[in-house]
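Notes for the one structure printed next.
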Amino acid sequence: MSELIAVYDAAGREIGAEDRAVVYAQGIWHASAGVLVRSRDGDRVYVHKRTDTKAVFAGMHDCLAGGVVGPGEDPAEAALRELSEELGIEVGPHDEPPLPLVSAAWDGMWAGKPMRCHLFAYEVRYDGPIRHQPEEIVDGWWWTDDELRAHLADPDWPFVPDTREMIPDLLR
């Protein structure tokens, strides 16, 4: 099944749409948006493990619930959509909106091919129930920033590389 996603230029402007498989195969610039879920007291972040069937970064850990931005979709809207899909967390009109944390351009490699992505990260404070989307997330748990940093100190720990680049701006 094909899926159109937004295509960006190197400067971070949306310039069109293309099938996700083509974007990944050709290393075309696109965008992703993710949400760091932090406990309401600010002491912990939610870390999860991706399924082995994910098209990108399969079986790796991440602290952002997120995904690609659709054509014409605002990154903040994409982040909220992904948060709802992956973790079952709904941010309502009376809730505090997600706080923008960092944006970055990541020009890396995945499975021997270029992967070029503009990244948009947000934060929400949340202590409620979490419901994993079984097609995307295997497991998840709460860690302090220091616990996550300790795991990230091991370069062989399987953590998504684009989020790893943003860690200094995500953690305290």
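The table below lists the values:
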read-out	value
Selection within the range 68-94 - in contact with a His (Cβ under 8 Å, 6 or more places away or on another chain) and not in a helix (DSSP H, G or I)	Val68, Val69, Gly88
Criterion violated by Trp157 - all others in (1) open to solvent by less than 40 Å² (accessible area, probe 1.4 Å); (2) under 15 Å from the mean Cα position of the chain (by Cα) satisfied	(2)
Any chance Leu99 is closer than 16 Å to Gly42 by Cβ and free of Cβ contacts under 8 Å to residues at least 40 places away in the same chain	yes
Every residue from the range 53-76 that is open to solvent by 50 Å² or more (accessible area, probe 1.4 Å) and without any contact (Cβ under 8 Å) to a residue 40 or more places away in the chain	Ala55, Asp74
Counted residues, the range 1-44 - those being over 28 Å from Tyr126 (Cβ atoms), open to solvent by less than 70 Å² (accessible area, probe 1.4 Å) and of a type in the set (Val, Ile, Thr)	4
Complete set of residues in the range 127-162 that are of a type in the set (Ser, Thr, Tyr) and at pLDDT below 95	none
Pair list, Cβ < 7 Å and 6+ apart or interchain, from the range 1-14 residues that are over 12 Å from Val69 (Cβ atoms) to residues that are among the hydrophobic types (A, V, I, L, M, F, W, C)	Ser2/Ala21; Asp9/Ile15; Asp9/Trp29; Ala10/Trp29
Those residues of the range 135-150 which are surrounded by 17 or more Cβ atoms within 10 Å (Cβ to Cβ), out of contact with any Asp or Glu (no Cβ under 6 Å at 6 or more places or on another chain) and over 11 Å from Tyr46 (Cβ atoms), in sequence order	Asp145
Single residue of Ile89, Ile130 found to be among the β-branched types (Val, Ile, Thr), in contact with a Leu (Cβ under 6 Å, 6 or more places away or on another chain) and either open to solvent by less than 30 Å² (accessible area, probe 1.4 Å) or free of Cβ contacts under 8 Å to residues at least 60 places away in the same chain (or both)	Ile89
The one condition in (1) of a type outside the set (Gly, Ala, Ser); (2) farther than 17 Å from Val45 by Cα; (3) touching a residue at least 24 places away in the same chain (Cβ under 8 Å) that Arg81 fails to fulfil	(3)
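The values are calculated or read from the model by the stated rules, or taken from the named source; none is laboratory data. A quick note: this is a predicted structure, and the numbers were derived from the prediction, not measured. When we count neighbours, we look across all protein chains shown, and the Cβ atoms used for this are built from the backbone with ideal geometry, even at glycine. Please note that ligands, DNA and RNA were not included when accessible areas were found on the heavy atoms of the full protein model with its side chains. Shrake-Rupley method; radii C 1.70, N 1.55, O 1.52, S 1.80 Å.
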